[in-house]
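The structure appears right after this line, and notes come after that.
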Amino acid sequence: MKCFKSAYVILFLGICLVLESGCARRRQEKAAKPGRFVPSSVLLTNFRPWRYYQEVTAVETAGLERKREPVHIYMTFDAEEVTDLSQEVRVAEEVGRRRWKEVPCQIYDEIRRPAALYARIVFLTDMEPGGKKKFRIYWGNPNPPDRLYTGALSTFVSGAAMSVENSFYRVNINVPRLDEYGQPIEESGQIDEIVVKAEEEMVLTSPKGNVHWTPDVCYPATTRTGELVPRWSHIWNWEMPPNMVSFTGAVASGVLRRGDLRNFPDIYTGVSYIFYLEQPYFVMASETRVKRPIRVYALRNGEMVFNSDLFTHLIWQEDEYVKEIGLEEPEEVTEPLAELAPDVPWLAFINKETGLVFAGLNLEYANERSGGPAVTAGPSTLVENKFYIYCHYGITYWTRGLVMGLHRPKPYTLLDVAAGSTYREKVAYLVFVEKEPELAATRIKDYYQKLTHPLQIEFEE
């Protein structure tokens with residue numbers, strides 16, 4: 001095992017979900033104050049038709065330079081002041097005394113009530129280390145002109161299928177294909193492949209179909225002879241997500257899916273993805289909720305599965321060090337190659353020959369039940385909250401075991417999980433090309449710091 005000394009200790013800090021997923025969140029956003037009339041004398045000509053604005057200040061507190069940084073703001077609008085929120089909202093950046101310049105923005109997650117509208121606004125900005133900028137969010141123009149910017153974020157949506165492309169990657173969800181029986185693969189809405197843009201495109205795939213597998217559960221099924229045998233139910237087993245909502249735009253695109261696991265309705269789960277313009281990462285958030293007491297062999301999340309020939313090594317952050325191991329199939333193929341802490345700040349598969357890097361930056365991780373830690377009932381219960389790394393059967397993958405009865409003296413041990421147990425995660429998946437492991441680790445740590453220290457938003461009274 002090889003170690004590289006880090007220049008600083010990575011801190012694990014959670015940030016709020018960017019898609020509504022029913023999860024508990026610590027929000028930095030707050031509702032805007034009631035809109036105020038905008039005197040025409042203080043606005044640029046192109047903002048005169050907008051009657052209201054809310055001024056906010058974005059502050060960089062981590063000492064890191066930001067480029068095209070996504071900023072999310074949650075706001076409340078008086079229903080009488082808005083005609084079409086998604087069309088009329090504009091964001092402008094202060095560029096001089098009484099001078100404002102429009103910046104790309106879009107609305108998503110809009111909720112309409114009789115007296116008010118609630119929505120999230122996302123826009124992009126650059127920021128110097130320790131800097132701050134003022135912005136105005138405008139609304140109250142029933143006849144807004146077309147937006148004067150176009151985005152390089154290309155998105156195609158059809159049913160549960162989606163393809164999102166920016167200058168760093170193309171992510172394909174539900175690539176049309178047939179299974180081994182010649183039948184169309186179900187449209188589950190899980191990620192099938194990731195195309196990394198470089199001098200030559202590199203395609204991250206899995207022989208199993210999907211590269212993102214979880215949440216999932218391994219449960220006992222009874223054969224005709226009465227024998228108990230293990231059966232898996234993955235979120236990608238959905239023929240079509242029971243509940244799904246998506247949004248697209250010039251700045252960001254995303255999708256949220258929710259519902260009971262197929263063939264195992266005692267577990268309710270949801271997964272969201274959000275993709276950004278001009279960023280080499282996308283963000284995944286998931287929640288798994290146990291509705292009734294269950295006995296299972298395994299309960300997992302955080303699993304990414306790839307062809308074994310794509311990567312040569314695993315690197316990860318542990319305390320103030322970056323550690324490394326080679327990806328080789330162990331003598332006992334069913335055993336994990338390595339076991340890591342479930343809240344490891346980040347881990348990454350790398351290829352030292354091609355330079356391909358796929359990193360998982362763990363932004364949030366929580367297990368709880370009714371206000372406390374997730375607990376289980378029964379003397380046979382064993383809770384194994386770990387990241388397991390596997391390299392076998394032509395695939396290389398990591399998975400977080402939430403409840404794991406697969407690595408015991410008995411190959412499969414039934415474990416009890418209490419009703420109300422809830423497991424949440426939020427991960428940024430980062431892709432790029434870099435052949436030097438030290439430089440790859442430095443780049444991953446830089447993004448981890450940015451994502452765990454988002455720009456702070458201050459609302460002007």
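Over all other residues within a Cβ to Cβ distance under 10 Å of Gln317, the charged ones net out to -1, with Lys and Arg as +1 and Asp and Glu as -1.
For segment 214-452, the tally of Lys pairs with Cα-Cα distances below 21 Å comes to 11, considering only residues 8 or more apart or on different chains. Between the amide H of Leu415 and those of Val296, Tyr297, distances stay under 5 Å, these residues lying 5 or more places away or on another chain, with hydrogens modeled in the peptide plane. Amide H to amide H distances under 5 Å link Ser421 with Val290, where only residues 5 or more positions off or on other chains count and H is placed in the peptide plane. Phi angles across segment 261-277 convert, under the Karplus curve 6.51 cos²θ - 1.76 cosθ + 1.60 with θ = phi - 60°, into 3J(HN,Hα) values of 4, 5, 6, 8, x, 6, 10, 9, 9, x, 9, 10, 10, 9, 10, 10, 5 Hz, Gly and Pro given as x.
Each value in this text was obtained by applying a stated rule to the coordinates, not by laboratory testing. Just so you know, these numbers come straight off a predicted model, no measurement behind them. Note that we place each Cβ from the backbone using ideal geometry, even for glycine, and neighbour counts take in every protein chain shown.
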